[in-house]
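The values are calculated or read from the model by the stated rules, or taken from the named source; none is laboratory data. Here the structure is a predicted model, which means the values were calculated and not measured. When we count neighbours, we look across all protein chains shown, and the Cβ atoms used for this are built from the backbone with ideal geometry, even at glycine. To get the accessible areas, we keep the full protein, side chains included, count just its heavy atoms, and leave off ligands, DNA and RNA. Shrake-Rupley method; radii C 1.70, N 1.55, O 1.52, S 1.80 Å.
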Amino acid sequence: MSTVFHICRREIIAFFSSLAGYVLVILFLGISGFFTWLYGSDVFFVGQANLNSFFNTAFWTLFFFIPAITMRSLAEEKRSGTLEWLITHPVTEARVVLGKWLACWVLVAVSLLLTLPYYLTIAWLGPVDHGAAVGGYLGLLMISAIYIGIGIFASSLTVNQIVAYLIALFTGFVFHTLFDLISGTLTGTTSTLLAYAGTTFHFETMARGVISLDNMVYGLSVTAFSLCLATVNLKRRLWL
Amino acid sequence: MSISVTGLTKTYGNQQAVRNISFDVEQGEVVGFLGPNGAGKSTTMKIMTGYLAPTKGEVEICGYSVAEESTNIRRKIGYLPEHNPLYPDMGVIDFLKFSGSLHRMGKKELKRAVDYVVETCGLAPEAHKNIRELSKGYRQRTGVAHALLHNPDVLILDEPTTGLDPNQIVDIRSLIKEAGREKTVLLSSHILKEVEVTCSRVIIINDGEIVADEPTETLIRKTSGVKTYFVVLGGVDNPQHTEQILETHFSKINPSDAGTKPGWHIETGENTPFQQKLADLCREHGWHVEELRPVENSLEDIFRKLTSTSGDRES
């Protein structure tokens, strides 16, 4: 496991060694802060001391921001040839993928940690449902895990970061919106299954403070599946 | 046996990059892998390091099969990939430490190893810098340093001196020679001179096949017997007639129409007093020499010479 940790560490340092890393985190905080406090159905407009407006904003901002974090992870390594450098160390492809995923997830978790002042301020404004707040944060961490998995898979497909971003965004869109959208037009088991396949259903449940096993199973399985696909993609060179 | 390659074949679609090549390298040998670009050198090296899988054939490194013990083998190999990929955003020391940690080196061991390779590879004056700030020569040294870091038994270096200036080339060569005292080294190049000075044995590969595998001394003997000169003559009235005269004295003449004046590539044997003969001819026919220079043997010439039987060679 130590190699996963070393790859993760190197990735986080690389992220913050460029200005782009800071810009991304600041933009994320700025945009989610703006919609939580200043614009649209913000906290003051709703008039309730809860984090719903923040969670709903973060649910969308993460959807757009995560592909920007993940797009370079494998695409850049492939483009510059460092993937060969990395893989010719005693490291398996799965560990490389896992290390990259973990780094992105830690970055998102740190960004979310930086939004804690929002939570504290709202808790100061009025009585907050702490269970729902914890559930909401866990929900955001879970959908982030999924989108990062998808993003890493997208990044393993190409050497072009922009293409990786677009593939991740489109695939993310299927989970984020499309399943939910189609489910709304149908009824019965198909509708339920489609809703279950999307992230919205699980996130909304969790943001209400209800965390059930199926949310976890869903999050874990979609993430694991994406990471497996990314690993297979890196190993494909051995089968050609 | 340190490296053993048996019947290696690699096919990409319809294209055969490597065709049924076999060779062995003993422990402590420094072997040059020589061939023009696209000959299959890099593909072979990538297969040897486990980065690519062969279509057919087998590679064994230090007695382990690459196909079966891929991870174990990577611990035994120091590999410098083609174009020397590095992380430009990392510092030299951080980069080396990262490489070492992927080899699961302990903290103390790693520190000692980093100090050692920084010293041996002459990286000390630039060690505090980020890789993106390094000159090409220091980047190459960083690449070689990473390959040496975990004290591997086998070094595989893919074109370690490409793109370096003459001073840097000399530095890297001596580094490789130094490493070759204890380790088995396989290095690739498309420059004959390169392998001549560094390697004790040369394997020449062309179009995916081995065309020669011999000690460097034998190779030098075979290729240095024949020399080619480029001659431009002035005072020539009838170039065709001149060519006929030249042909009677030297056996291989190729006219060159590169310049405005008539010029020829003339091949001579090792013991032919070429300059003397040419001067005599000039005196006799009223020509004068406008240009006379030796021509470096191209790899293609060397392949031709090596693959043709000795009776064909003019000497």
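If residue B:125 passes every condition in (1) closer than 23 Å to residue B:75 by Cβ; (2) free of Cβ contacts under 8 Å to residues at least 24 places away in the same chain but one, which one does it miss?
Result: residue B:125 fails condition (1) only.
Just to be sure I understand, how many residues within the stretch B:37-86 are within 12 Å of another protein chain (Cβ to nearest Cβ), of a type in the set (D, E, K, R) and either buried (at least 20 other Cβ atoms within 10 Å of the Cβ) or more than 24 Å from the chain's Cα centre (by Cα) (or both)?
4
Considering each of B:210, B:266 in turn, give the residue that is buried (at least 18 other Cβ atoms within 10 Å of the Cβ), under 30 Å from residue B:179 (Cα atoms) and at pLDDT 80 or above.
The conditions single out B:210.
Go through (1) within 30 Å of residue B:193 (Cα to Cα); (2) surrounded by fewer than 15 Cβ atoms within 10 Å (Cβ to Cβ) for residue B:231 and report which single condition fails.
The number of the failed condition is (2).
How many residues does the stretch B:92-109 hold that are within 11 Å of chain A (Cβ to nearest Cβ) and outside any loop (DSSP other than H, G, I, E, B)?
8
When you scan the stretch A:3-19, do you find a residue that is part of a helix (DSSP H, G or I), out of contact with any Pro (no Cβ under 6 Å at 6 or more places or on another chain) and under 26 Å from residue B:47 (Cβ atoms), even just one?
Checked against the condition, which is being part of a helix (DSSP H, G or I), out of contact with any Pro (no Cβ under 6 Å at 6 or more places or on another chain) and under 26 Å from residue B:47 (Cβ atoms), the stretch A:3-19 yields at least one hit.
Could you say which residue among A:166, A:240, A:157, A:181 is open to solvent by 40 Å² or more (accessible area, probe 1.4 Å) and touching a strand residue (DSSP E or B) at 6+ places or on another chain (Cβ under 9 Å)?
Criteria check complete, one pass: A:240.
State yes or no: is residue B:134 in contact (Cβ under 8 Å) with a residue 40 or more places away in the chain, more than 14 Å from chain A (Cβ to nearest Cβ), open to solvent by less than 20 Å² (accessible area, probe 1.4 Å) and under 22 Å from residue A:18 (Cβ atoms)? Working first, answer last.
Values: in contact (Cβ under 8 Å) with a residue 40 or more places away in the chain: yes; more than 14 Å from chain A (Cβ to nearest Cβ): yes; open to solvent by less than 20 Å² (accessible area, probe 1.4 Å): yes; under 22 Å from residue A:18 (Cβ atoms): yes.
Yes: the conditions hold for residue B:134.
Suppose we filter the stretch B:32-86 for residues that are hydroxyl-bearing (Ser, Thr, Tyr) and within 26 Å of residue B:196 (Cβ to Cβ); how many remain?
5
Take the residues of the stretch A:184-204 that are closer than 26 Å to residue A:137 by Cα and of a type in the set (Ser, Thr, Tyr): which is most open to solvent (accessible area, probe 1.4 Å)?
A:192
Test residue A:70 against the stated conditions and say whether it is at negative phi, open to solvent by less than 50 Å² (accessible area, probe 1.4 Å) and of a type in the set (S, T, N, Q). Spell out how you get there, then give the answer.
On the way: at negative phi: yes; open to solvent by less than 50 Å² (accessible area, probe 1.4 Å): yes; of a type in the set (S, T, N, Q): yes.
Here the answer is yes, as residue A:70 does meet what is asked.
Of all residues in the stretch A:204-240 being of a type in the set (Lys, Arg) and within 14 Å of chain B (Cβ to nearest Cβ), which is farthest from residue A:180 (Cα to Cα)?
Step one: of the stretch A:204-240, the residues of a type in the set (Lys, Arg) are A:208, A:235-237.
Subsequent filtering for residues that are within 14 Å of chain B (Cβ to nearest Cβ) retains A:235-237.
Working: A:235: 33, A:236: 33, A:237: 36 Å.
So the residue we want is A:237.
Restricting to the stretch B:99-117, give me the number of residues that are of a type in the set (A, V, I, L, M, F, W, C) and surrounded by fewer than 21 Cβ atoms within 10 Å (Cβ to Cβ). Lay out the reasoning, then the answer.
As a first pass, look at the stretch B:99-117 and keep what is of a type in the set (A, V, I, L, M, F, W, C): B:102, B:105, B:110, B:113-114, B:117.
With the extra rule that they be surrounded by fewer than 21 Cβ atoms within 10 Å (Cβ to Cβ), the set shrinks to B:105, B:110.
Within the stretch B:99-117, residues that are of a type in the set (A, V, I, L, M, F, W, C) and surrounded by fewer than 21 Cβ atoms within 10 Å (Cβ to Cβ) number 2.
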